[in-house]
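*Asks:* What follows is a single structure, and I will ask about it in a moment.
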Amino acid sequence: RYFYDKLSDYLREGYTAAGIDQRTTSSAQRAIGFVMVTFQKIMSSSPRAIRQALRRRLLVLLARKQLDLESKRRTASATQASRVAEEILRVKDEMLALASAILGGSVPDSETESYIGRVRRRLQKREEEIETTSWSLDGDEEAEDGVFAEAGIPDEIERVRQLVELVPNGPDRRFETLARAVSSLRRDQVNERFVIFTQYRDTLEFLAEELGRMFGVEKIATLKGGPLDDKIAAMEAFWREDGARFLISTSAGGEGVNLQNANLMVNYDLPWNPNRLEQRFGRIHRIGQQ
């Protein structure tokens, strides 16, 4: 509750800065509003998702600060340049720790630095787009549009830094409810297949880990944005007689996928667009479904 209140304060201040009560708003104000809506949606998904989104937002803010400092250093006097260089190093150290946490905490330094490099290149508009088949009505699984938005919220670095520390680590009440429901249903039909939809990739990974711990990792398949081959492999694993019993999917599985071998679907979180909800239902409500 404490975290919820603090995040709500941050959102409220952001909405005020966005001119929510004004008749007309600037493009900068609309950008702030977009960031706020993004985090409001993620907050309703899972603690894992909001923690990771806030970390990514903080990393983007620090990378933008680092680029500004590097620009200042090039035109500063010798004394000023030395101070700016020290600040750049402090920012870099925080970015490395943050990127390590985003990637899982046990990745090589080279991978952490590569991740930071991709963030910097995107901010400099130098990152190439990787072509993938999205199969999705809403491909923003990591909320990157909001995470990278240049919103200019006052004191945002410090606010986001505090919020990252406040995200609760205790049990997720929503997951406990899901686990009870699944366990109850499986008592009558142990081979029942479940399709579980979520909006965000971080929530998907959380569900895959927790359900894998309960029922076995070999019983879990995940369907998310990315290479087409990975999606086909996930569907094949779910369709095999001795295959996965749980297919956990982002909106990447919301269309063009036939999952009529399952008759139980869970909306772990809800898309704000009702058309996307109908698309989810359509994956298992097919001709031939028993």
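*Asks:* Using the Karplus curve 6.51 cos²θ - 1.76 cosθ + 1.60 with θ = phi - 60°, what ³J(HN,Hα) values do you get for each residue of segment 262-268, in whole Hz, with x for Gly and Pro?
*Replies:* 10, 10, 10, 10, 10, 9, 5
*Asks:* Which residues in segment 235-272 have a backbone N closer than 15 Å to a point placed 7 Å from the Cα of residue 174 along the Cα-to-Cβ line?
*Replies:* Of the residues in segment 235-272, 249-251, 266-272 have backbone N under 15 Å from the label point off residue 174.
*Asks:* So if we plug the beta-carbon distance of residue 158 and residue 118 into 1/(1 + (r/R0)^6) with R0 = 22 Å, what FRET efficiency do we get, rounded to 0.05?
*Replies:* 0.35
*Asks:* Ignoring any ligand, DNA or RNA, what whole percent of the accessible area of the chain comes from carbon and sulfur when the probe is 1.4 angstrom?
*Replies:* Answer for the chain: carbon and sulfur cover 48 percent of the accessible area.
*Asks:* Enter the Cα centre distance for the pair segment 245-290 and segment 41-72, rounded to the nearest angstrom.
*Replies:* Centre-to-centre (Cα) distance: 31 Å.
*Asks:* Find the relative contact order for the chain and round it to a whole percent, using C-alpha pairs within less than 8 Å whose residues are 6+ positions apart.
*Replies:* The value is 21 percent.
*Asks:* Let me spell out the model: positive unit charges on the Cβ of Lys and Arg, negative unit charges on the Cβ of Asp and Glu, origin at the Cα centre of segment 148-290. What dipole size does that give, in debye rounded to 20?
*Replies:* So the dipole magnitude of segment 148-290 works out to roughly 620 debye.
*Asks:* Now, a different point. Looking at the chain only, what percent of DSSP beta bridges run antiparallel? Nearest 5 please.
*Replies:* Once the DSSP bridges in the chain are tallied, antiparallel ones form about 10 percent.
*Asks:* Same structure, new question: For residue 248, what residues show an amide H to amide H distance below 5 Å, using hydrogens built from the backbone and excluding near sequence neighbours?
*Replies:* Sorted by chain and number, the residues that satisfy this are 196, 221, 222, 223.
*Asks:* Further question: Can you list the residues, at least 5 places off or on another chain, whose amide H is less than 5 Å from the amide H of residue 269, using H built in the peptide plane?
*Replies:* Residues meeting the amide H criterion: 199.
*Asks:* Tell me the Rg and the Dmax, in Å, that the Cα atoms of segment 168-290 produce.
*Replies:* When restricted to the Cα atoms of segment 168-290, Rg and Dmax are 13.7, 44 Å.
*Asks:* Rounded to the nearest 0.05, what FRET efficiency do residue 242 and residue 285 give with R0 = 30 Å and r taken as the Cβ-Cβ distance? Could you check? Write down the numbers at each step before the final one.
*Replies:* Numbers: r = 25 Å, r/R0 = 0.84.
Computed FRET efficiency for residue 242 and residue 285 comes out at 0.75.
*Asks:* I would also like to ask the following. Within segment 72-106, name every residue whose backbone N is under 18 Å away from a label modeled 7 Å from Cα of residue 217 along the Cβ vector.
*Replies:* Within reach of a label on residue 217: 103-106.
*Asks:* In nm, what is the difference between 0.36 nm times the number of residues separating residue 264 and residue 6 and their Cα-Cα distance?
*Replies:* 89.2 nm
*Asks:* Determine ³J(HN,Hα), in whole Hz, for all residues of segment 106-121 in sequence, where each value follows from phi through the Karplus function 6.51 cos²θ - 1.76 cosθ + 1.60 and θ = phi - 60°; x replaces Gly and Pro.
*Replies:* 10, 9, x, 4, 4, 6, 4, 5, 5, 4, 4, x, 5, 4, 4, 5
*Asks:* To continue, here is another question. For the charge dipole of segment 180-224, defined by +1 on Lys and Arg C-beta atoms and -1 on Asp and Glu C-beta atoms about the Cα centroid, which residue among 203, 215, 191 has the Cα displaced farthest towards the positive pole?
*Replies:* 191
*Asks:* Before anything else, pin down the relative contact order of segment 51-118: Cα pairs under 8 Å, at least 6 apart, normalised by residue count, whole percent. Please list the in-between numbers first.
*Replies:* Details: 39 pairs, mean separation 21.9, N = 68.
RCO, segment 51-118: 32 percent.
*Asks:* Moving on to the next point. So, for the chain, what is the accessible surface per residue at a probe of 1.4 Å, expressed in square angstrom?
*Replies:* Each residue of the chain exposes 55 Å² on average to a 1.4 Å probe.
*Asks:* Ok, one more. Over segment 50-99, one equal point on each Cα, no solvent: what is log10 I(q)/I(0) by the Debye formula at q = 0.24, 0.26, 0.28 Å⁻¹?
*Replies:* Result of the Debye calculation: -0.81, -0.89, -0.97.
*Asks:* For residue 165 and residue 106, FRET efficiency with R0 = 22 Å and r from the beta-carbon atoms, rounded to 0.05?
*Replies:* On the way: r = 21 Å, r/R0 = 0.94.
Approximately 0.60, to the nearest 0.05.
The values are calculated or read from the model by the stated rules, or taken from the named source; none is laboratory data. Bear in mind the structure is a predicted one, so any value in this text is a computation, not a measurement. No Cβ is skipped: glycine too gets one built from the backbone with ideal geometry, and neighbour counts run over all protein chains shown. Remember, those area values only see protein heavy atoms, side chains included, never the ligands or the DNA or RNA. Shrake-Rupley method; radii C 1.70, N 1.55, O 1.52, S 1.80 Å.
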